[in-house]
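Participant: The following block contains the structure, expressed as structure tokens.
The values are calculated or read from the model by the stated rules, or taken from the named source; none is laboratory data. From a predicted model like this one, the values you see are computed outputs, not experimental measurements. Reconstructed Cβ throughout: ideal geometry from the backbone, glycine too, with neighbour counts over all protein chains shown. Heavy atoms of the whole protein, side chains included, go into the accessibility calculation; ligands, DNA and RNA do not. Shrake-Rupley method; radii C 1.70, N 1.55, O 1.52, S 1.80 Å.
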Amino acid sequence: MRQSTFLAPTLREAPAEAEAISHKLMLRAGFIRQLAAGVYTYLPMGWRVLRKVETIVREEMDRTGAQELLMPAMQPAELWQESGRYQVYGPELIRFHDRHEREFALGPTHEEVITTLMRNEVRSYRKLPMNLYQIQTKFRDERRPRFGLLRGREFLMKDAYSFDSDWEGLDKTYWSMYDAYSRIFTRTGLNFRPVEADAGAIGGEGGTHEFMALADIGEDTIAVCTSCDYAANLEKAEAAPGKTEYREVAAGEHEKFHTPNLRTIDQLTESFGVKPQDLIKTLIYVADGQPVAVVLRGDHEANEVKVKNYLDATDLELADPETTAKVTGAPIGFAGPVGLSGIQVLVDREVGVMSSGIAGANEKDYHLRNVKPGVDFPIEFSGDFRNVIEGDHCPRCEGTLKFYRGIEVGHVFKLGTKYSEKLGAAVLDANGQEQAMIMGCYGIGVSRVLSAIVEQSHDENGIIWPVSIAPFHVHLIPVSVKDETQMKLTEDLYDRLRGIGVEVLLDDRDERPGVKFKDADLIGIPIRVTIGKQAGEGRVEFKLRSEQEMFDLTGEEAIERILQLIQEQRVSK
Ligand code: 9G3
């Protein structure tokens, strides 16, 4: 491809609204352009990378025996009513009416569509297991699209749906997808971690992993063990429970003491020289309209996903001051577990092992000291209701937990029969018994992978694409397009390389060398071959975008090295 005719408009500066480095660089390097908030055009350079990621996804999915198909983006609203999800999703689900006033949704995901297809087309267990996938544009009207392709309103997803006739089959399919995802993300060059995750609204019969690309811009926090392969999204991460070995129960009664306007943990610890670990914090929530108390150690935070799952609640939010006052008899900041009545009190298990602590007195401007869990208040509902903290003990080994930020690039779910029962997708088993198909679903954010790679692989001059998904393998740069000797060698190499299947971007623009090298660093093609003064002796300058070192090679040597680098990335499958 000749750069003089190629649509790759580079920019000196990124627009102010671009915050994430991947967003800035993909705009500046001419990979994407925004059409509307969260809606992007992939320019030719960006489209080439997107197709490379798709190809890797396709190869690894096909290798597992999954079958590719393509479902529509226009989904009849009736399907979402039938599955009961029509009401679950709000403005994020883009709905519209066709010319006959029939209501449709633009597909954010395709559980309803694929399950309906299977209900209509498959009846016998002999046809299972079946794993169907597509690579297709999804629509989700995010309230705040941002960070370029990381959180768009229209994005490319590979979504797969598996159908088994028994649970063992689902387990097998699930882990074959898990392994395929590991191969896919390895081949794209991503630094990623599979983590245990919470199944969230999609529900399903348990079992879900997210594939997280490590990056500070990532919205998720993951807890990773320093010693074993335990890793979990913070929503789900657990720590080894506090040591419940012998604990001396503090003697004496709990007693009230005056704490005028001391509402927060910090105010209390400052005023009384105690540590957050010595405090017993009581939060009042409202779960599906019911007030509930959550009791935690002072240095811990409530994990609302764990609380919601424990209560099997749909909605959970912190109670407002009025509710808190009604339930505890005191304003927020003075709530405590002693004497609470009429509401469920969830006590985190780390409180259960405290010998005593300071808690709110359920009276304005008063706290209680020497409160003994299980003595001064009952521990009826004990469980894990907190976020783990860095340094906590790993639940699996003697290691400790470390936090990282992650970008979710993949997610595998065991769905079970949640959709197949609702939509009537069933098979007759060997005994002629009707069995709802047992499903799994598996997503990869294909367009999001581009941003994740750039977040992980760039320097101050621009993007550094891995060979496996780079828009081109080689950036061929003649220093002066007016120099016949240089252009002769350049055209020779251009023809030779393309003749052996190497993808070359030839910078044939009549620009100063500095401009060409700056653009080359920005675009990030992994291998750069410069034709300059040594063209007369048939020698070129060879440099990898990922390294500083330059090599003075003959044309032949350069071709040799290029083929070797391309072959290596294929081997890293
Ligand atoms: C919606 C809207 C947004 C959504 C969903 C539905 C996320 C929704 C979860 C999934 C689960 C899996 C198959 C591929 C892998 C992920 N956001 N989810 O169901 F209507 Cl507006 O999409 N689906």
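Participant: Can you work out the accessible area per residue across the range 277-366, with the rest of the protein chains kept in place, probe 1.4 Å, in square angstrom?
Facilitator: I get 40 Å² per residue for this part.
Participant: Tell me, what % of the accessible area of the range 414-573 is carbon and sulfur with a 1.4 angstrom probe?
Facilitator: After summing per-atom areas, the C and S share lands at 47 percent.
Participant: Also, I was wondering about something else. Can you list residues whose amide H is under 5 Å from Ile527's amide H, if they're 5+ apart or on another chain and H is modeled 1.01 Å from N?
Facilitator: His475, Arg545
Participant: Measure nothing but the geometry: give the 0 to 90° angle between the long axis through the Cα atoms of 446-456 and the longest principal axis through the Cα atoms of the chain, rounded to 10°.
Facilitator: Long axis of 446-456 versus the principal axis of the chain: about 90 degrees.
Participant: How far, in nm, would the chain grow between Ser124 and Asp288 when pulled straight, counting 0.36 nm per residue and subtracting the alpha carbon separation?
Facilitator: Additional length available on full extension: 54.9 nm.
Participant: Skipping prolines and chain starts, which residues have an amide H placed within reach, meaning under 5 Å, of the one on Lys281, given they are 5 or more residues away or on another chain?
Facilitator: Those lying under 5 Å, H to H, from Lys281 are Leu296, Arg297, Gly298.
Participant: So which GluC sites (Glu not before Pro) in the range 407-504 end up in coil per DSSP with only 13 or fewer other C-beta atoms within 10 Å?
Facilitator: Numbers: sites: Glu408, Glu421, Glu434, Glu455, Glu460, Glu484, Glu491, Glu503; in loops: Glu460, Glu503.
Here the GluC sites (Glu not before Pro) that fit, given the DSSP loop and packing criteria, are Glu460.
Participant: A further question follows. Where the centre of each part is set by its Cα atoms, how far does the range 495-559 sit from the range 114-143, in angstrom?
Facilitator: The distance from the Cα centre of the range 495-559 to that of the range 114-143 comes to 46 Å.
Participant: Run the lone-cysteine check on the chain: no other Cys C-beta under 4.7 Å from the residue's C-beta.
Facilitator: So far as the 4.7 Å Cβ criterion goes, Cys441 stand without a partner in the chain.
Participant: Continuing with this model, one more query. Between Glu17 and Ser382, what length in nm is gained on full extension when 0.36 nm per residue of separation is reduced by their alpha carbon distance?
Facilitator: In short, 126.7 nm is gained.
Participant: Okay, moving on. Carbon and sulfur: what percent of the range 37-106's accessible surface (1.4 Å probe)?
Facilitator: Carbon plus sulfur share of accessible area: 56 percent.
Participant: Sequence-distant or interchain residues sharing an amide H contact under 5 Å with Glu68, placed H: which?
Facilitator: Distant-sequence amide H within range of Glu68: Tyr133.
Participant: Still on this structure, please answer the following. Report, in listed order, any pair from Lys138/Lys172; Lys52/Lys236; Lys52/Lys414; Lys236/Lys402; Lys24/Lys516 with a Cα-Cα distance greater than 24 Å.
Facilitator: Values: Lys138/Lys172 28 Å; Lys52/Lys236 33 Å; Lys52/Lys414 28 Å; Lys236/Lys402 14 Å; Lys24/Lys516 19 Å.
Distance filter (> 24 Å) returns Lys138/Lys172; Lys52/Lys236; Lys52/Lys414.
Participant: Further question on the same structure: Just want to confirm a number: the relative contact order over the chain, from Cα pairs under 8 angstrom separated by 6+ residues, in percent.
Facilitator: Working: 1223 pairs, mean separation 98.9, N = 573.
Relative contact order of the chain: 17 percent.
Participant: Moving on. Please give me, ordered by residue number, the chymotrypsin sites (Phe, Trp or Tyr not before Pro) of the range 241-347 that lie in loop per DSSP and have at most 13 other Cβ atoms within 10 Å.
Facilitator: Tyr246
Participant: What angle, in degrees between 0 and 90 and rounded to the nearest 10, separates the Cα long axis of helix 555-571 from the longest principal axis of the Cα atoms of the chain?
Facilitator: Value to nearest ten degrees: 30.
Participant: Now a separate question. List the chymotrypsin sites (Phe, Trp or Tyr not before Pro) within the range 369-404 that fall in a DSSP loop (any state other than H, G, I, E or B) and whose Cβ has at most 14 other Cβ atoms within 10 Å.
Facilitator: none
Participant: Counting pairs of alpha carbon atoms under 8 Å apart in space and at least six apart in sequence, what relative contact order in percent does the range 116-222 give?
Facilitator: 18 percent
Participant: Tell me the angle of helix 44-63 to the major Cα principal axis of the chain, expressed in degrees between 0 and 90 and rounded to the nearest ten.
Facilitator: With both axes taken from Cα atoms, the answer is about 70 degrees.
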